[in-house]
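Read the structure below first, then the notes.
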Amino acid sequence: MSPTADPEPAVSAGEDPRLYARLLTEVYDATMSGRRAPARPREVIGDSWRRVQGLGVDPDHAGPADALGAGELERLRRESGLEEILPDLTGSLRSVLQDSENLLVVADSRGRVLWRSGAPAVLDRADRLGFVEGADWAEDSVGTNAIGTALVSRSAVQIFSAEHYVRSHHAWTCASSPIQDPRTGRVIGLVDVSGPASSVHPTTLALIDAVSRLAEAQLREKHRLSLDTLRSVAAPMLARCDRPALAVDGHGWVAAVASVPVRSRVMLPTDVAAGQLWVPSLGVCDVEPLPGGWMVRPADPADTVVGGESVPTTLRIDVSDTARTLVEVQSRFGRWSHEATPRHAEILFLLAVHRDGRTAAELAADLFGDHGRAITVRAEMSRLRKAFAGVVLTQPYRIDPAAVVELVLPDDRARLLPQSSAPGVRPFRITQ
């Protein structure tokens with residue numbers, strides 16, 4: 001998820017923050033009252049305001065729910081995957097922020113504040129907002145803010161003054177940058193710097209984005225070392241193997257191969273166990289445990305386990321979470337899950353509600369309102385089918401008719417894929 005361009009600061013170098021804050025207040029007040037605004041908000045802000053309005057967030061009274069207790073907070077810290085890099089993640093920023101008016105915050109993938117540090121005065125101000133450890137700062141909880149909006153946009157974001165959706169946050173500025181786990185591709189959390197609006201600085205966003213990229217590099221290096229260890233264990237076994245095989249870690253990353261085309265990763269089931277299972281792009285495979293991973297060998301058709309009643313493949317598409325879409329495939333050979341990108345979440349939802357399938361032109365209209373963008377759709381479908389080989393079919397694009405599809409919707413249909421502006425998704429949002 002490394003950014004393709006430098007993140008955009010809320011206030012440009014040389015711009016007077018006080019004058020800009022007054023303009024933002026005029027834009028905010030006009031937008032909230034339905035009047036013509038003197039200027040447009042930045043695209044990332046306008047998109048977020050529309051989302052949180054659809055979620056029913058109250059700009060005058062919204063605030064995070066009660067913070068988690070100490071035990072639950074400690075559990076989330078352990079499960080976040082951030083503890084091992086926390087000293088390096090926060091160390092460099094603490095030295096920069098020392099004696100400043102800013103808070104340093106680390107949050108998890110759902111916007112929960114896991115750790116924070118700063119001067120007592122700014123901590124007291126944050127306490128009054130509910131900006132405390134264990135609090136939920138996702139968009140559907142407190143509206144537009146750097147933590148929640150960065151998680152939805154999956155990019156570094158700086159929010160200044162009246163760009164915040166909730167009025168009580170207008171005295172603040174905040175900047176956040178997501179951290180992606182290189183093993184899974186999932187955002188596991190983010191780093192945030194927040195403080196009084198007067199402390200806004202255009203370099204803050206670039207600084208924390210650089211820290212996030214450093215954290216990802218550290219995770220990537222730890223992963224490389226673990227693959228090296230697995231490779232040293234597996235190499236002698238692969239040399240003696242009498243048929244094609246791969247040594248992979250628990251996330252499917254390939255450490256070594258024997259008589260198999262080189263690839264970087266295979267998709268493994270959620271709960272890998274020794275025996276036979278189906279692996280996308282490889283088919284039915286025999287799986288055996290290795291220290292730190294698994295030996296995966298394409299099965300001989302003569303040895304494939306058959307018999308008994310045929311168990312249909314089940315595709316569970318869970319769009320109930322406003323922050324992410326989880327897709328689970330279960331068949332007689334095992335179960336595996338995948339976190340879909342926002343675009344793939346839209347496509348899978350559309351294919352689930354149109355079981356007879358969609359042509360590339362129809363999907364282009366569904367996604368972009370433009371039948372002519374079929375080439376873009378074909379490129380996305382090529383990537384999607386690599387993850388769901390044998391489940392997502394072509395001519396037309398469709399989910400295997402023999403598969404059972406379970407579509408899990410949010411309780412409030414107005415919250416269906418809130419980040420999506422696809423014309424084909426909008427009719428399925430029913431305001432309650």
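The values are calculated or read from the model by the stated rules, or taken from the named source; none is laboratory data. Everything numeric in this text was worked out from a predicted model, so none of it was measured. Counting neighbours? That spans all protein chains shown, and the Cβs are built from the backbone with ideal geometry, glycine included. Each accessible area value is taken on the protein alone, full model and side chains, heavy atoms only, with ligands, DNA and RNA left out. Shrake-Rupley method; radii C 1.70, N 1.55, O 1.52, S 1.80 Å.
Quick notes
- Unique residue being without any contact (Cβ under 8 Å) to a residue 40 or more places away in the chain and either surrounded by fewer than 19 Cβ atoms within 10 Å (Cβ to Cβ) or outside any loop (DSSP other than H, G, I, E, B) (or both) when the list is 81, 91: 91
- Once the range 299-312 is narrowed to residues that are open to solvent by 40 Å² or more (accessible area, probe 1.4 Å) and in contact with a strand residue (DSSP E or B) (Cβ under 6 Å, 6 or more places away or on another chain), the residue that is modelled with the highest pLDDT is 312.
- Of the strands (runs of 3 or more DSSP E) lying entirely inside the range 316-430, those carrying at least 3 residues that are among the aliphatic types (A, V, I, L, M) are 325-331, 404-408.
- Filter result for the condition that a residue is over 20 Å from the mean Cα position of the chain (by Cα) and either open to solvent by less than 10 Å² (accessible area, probe 1.4 Å) or within 17 Å of residue 10 (Cβ to Cβ) (or both), over 178, 202: 202
- Within the range 236-292, the set of residues being open to solvent by 60 Å² or more (accessible area, probe 1.4 Å), among the acidic types (Asp, Glu) and more than 24 Å from the chain's Cα centre (by Cα) comprises 242, 288.
- For the range 116-131, the criterion of being farther than 20 Å from residue 70 by Cα, surrounded by fewer than 21 Cβ atoms within 10 Å (Cβ to Cβ) and either of a type outside the set (A, V, I, L, M, F, W, C) or under 20 Å from the mean Cα position of the chain (by Cα) (or both) is met by at least one residue.
- For the range 18-52, the set of residues classified as of a type in the set (A, V, I, L, M), surrounded by 14 or more Cβ atoms within 10 Å (Cβ to Cβ) and assigned to a loop (DSSP other than H, G, I, E, B) consists of 37 only.
- Residues within the range 380-396 that are closer than 25 Å to residue 279 by Cβ and either over 25 Å from the mean Cα position of the chain (by Cα) or open to solvent by 40 Å² or more (accessible area, probe 1.4 Å) (or both), tallied: 8
- Those strands (runs of 3 or more DSSP E) of the range 207-291 in which 1 or more residues are touching a Pro at 6+ places or on another chain (Cβ under 6 Å) occupy 275-279, 283-290.
- Which numbered condition residue 365 misses (of (1) touching a Gly at 6+ places or on another chain (Cβ under 9 Å); (2) open to solvent by 60 Å² or more (accessible area, probe 1.4 Å)): (2)
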